[in-house]
Amino acid sequence: MKNILVTGGTGYIGSHTVVELFDNNYNVIIIDNFSNSKPKVLDKLKEITKKEVKFYEGDVQDKTLLRQIFRENKIDSVIHFAGLKAVGESVEKPLEYYQNNIVSTLSLLEVMKENKCKNFIFSSSATVYGTPNKLPITEDMPLSTTNPYGSTKLMIEMILKDLYTSDKSWNISLLRYFNPVGCHHSYLIGEDPNGIPNNLMPYIVKVATGKLPILNIFGNDYDTKDGTGVRDYIHVVDLAKGHIKSLEEFDKNPGLVIYNLGTGNGYSVLEMVKTFEKVNNIKINYKITERRPGDIASCYASPDKVYKKLKWKAEKTLEDMCKDAYQFEKKQ
Ligand code: NAD
Ligand code: UDP
């Protein structure tokens with residue numbers, strides 16, 4: 001049984017990936033500092049998987065702790081989710097974002113190298129495409145960023161490419177996620193952001209459950225089907241399964257690979273609201289407001305490469321995403 005170190009494993013995408021890892025007979029070791037997650041996730045993971053998760057509380061920047069983890073466990077591969085991810089906050093606190101995201105990755109890679117563990121999956125983001133010059137987005141398109149969060153993702157991709165150039169025995173997978181939503185079918189784990197959500201679906205569910213009064217739709221004058229922003233929403237369980245395929249590829253097709261993890265479908269904000277209302281039989285209060293600074297009109301993936309290479313594609317529908325997100329929020 002292979003041992004997988006999951007950094008940020010109590011977070012949103014990490015926790016769903018931990019479930020899939022156990023389902024696929026991997027053994028999991030998590031490190032997380034709970035900066036954006038809660039200890040109760042560990043109990044929920046145990047409830048879902050009926051397995052014991054080995055957990056280390058601490059910061060991925062802490063090389064002493066990382067060395068201890070590698071000493072106490074024979075780690076085969078690392079999936080690196082840990083990082084700060086709020087775009088707006090990154091503009092206000094750039095140093096914290098560079099410090100946390102870049103230094104944690106460097107520390108991790110250094111300790112992996114010391115321990116001759118060279119299989120690495122990195123949580124990158126569609127944000128590295130900046131404002132795409134064509135759609136759907138393919139992996140070979142130009143990269144740029146518009147905020148410090150995006151810059152950390154792009155810089156880490158560059159670091160990983162340089163590392164691979166220096167030593168081809170690394171297996172590195174850069175997974176560029178589009179917009180994950182939804183939750184595990186048990187509704188025990190899901191997206192549970194602190195404070196007022198920044199992202200669309202977490203905001204919609206808070207309006208649906210009466211915790212927030214009204215959804216602000218940021219602009220209806222974009223060059224899109226109905227003027228509101230278009231994104232590629234992907235069910236988090238599909239996204240989590242993509243990591244299993246990526247791990248399997250390390251044995252079959254070693255090297256550095258880059259994949260978009262999206263569905264290939266673009267939905268507008270209004271389509272999201274309408275689908276959510278229909279599936280859950282509930283009205284969402286909304287009003288149209290100003291555009292949000294830094295937003296782009298449309299962003300959706302070409303999922304062709306990842307399907308061709310890994311035989312992975314998203315299975316769940318927008319209806320599944322809307323239903324699951326609402327059910328999870330109702331339980332909070
Ligand atoms: P999340 O905040 O729910 O999970 C991240 C986890 O990492 C949290 O549990 C947090 O406590 C932990 N963490 C952060 N810094 C740490 C550190 N230095 N040491 C130890 N633990 C630390 O976020 P998520 O949505 O699950 O995202 C996971 C990864 O995927 C992130 O790297 C994020 O940038 C990337 N990503 C997310 C999205 C998205 O929309 N959710 C999209 C693209 C990429
Ligand atoms: N959005 C919105 N109201 C909100 C949050 C988001 O209208 O309260 C819009 C946003 O302008 C974008 C889409 O919903 O067009 C997705 O935004 P999100 O922040 O979830 O993802 P990202 O923009 O990072 O892809």
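Look at the alpha carbon pairs under 8 Å that are at least 6 residues apart: their mean separation over the length of the chain gives a relative contact order of 19 percent. Hydrodynamic estimate: the Kirkwood radius of the chain over Cα pairs, inserted into Stokes-Einstein at 20 °C and 1.002 mPa s, corresponds to D of 106 µm²/s.
Counting other Cβ atoms within 10 Å as a rough exposure proxy, the listed residues VAL19, VAL103, VAL41 run VAL103, VAL19, VAL41 from fewest neighbours to most. Taking the number of Cβ atoms within 10 Å of each Cβ as an exposure proxy, the fewest-first ranking of LEU188, LEU143, LEU66, LEU95 is LEU95, LEU143, LEU188, LEU66.
Three semi-axes describe the equivalent ellipsoid of the stretch 165-218; taken as square roots of 5 times the Cα gyration tensor eigenvalues and ordered largest first, they are 35, 15, 9 Å. With neighbours defined as other Cβ atoms within 10 Å of a residue's Cβ, the residues ARG176, ARG71 order from fewest to most as ARG71, ARG176.
Per the Debye formula on identical point scatterers at the alpha carbon atoms of the stretch 190-298, with no solvent, log10 I(q)/I(0) at q = 0.11, 0.15, 0.17, 0.24 Å⁻¹ is -0.46, -0.76, -0.91, -1.41.
Considering only LEU261, LEU175, LEU65, the mean-square fluctuation computed in a Gaussian network model of the chain, springs between alpha carbons under 10 angstrom, is largest for LEU65.
Convex hull volume per residue, computed on the Cα atoms of the stretch 80-122, equals 51 Å³. Each Lys and Arg adds +1 at its Cβ and each Asp and Glu adds -1 at its Cβ; summed about the Cα centre, the chain shows a dipole of about 480 debye.
Each reported figure results from applying straightforward, stated rules to the coordinates on display, with no laboratory input. Quantities reported herein were computed from a predicted structural model and do not represent experimental measurements. Glycine gets a Cβ as well: all are built from the backbone with ideal geometry, and neighbour counts include every protein chain shown.
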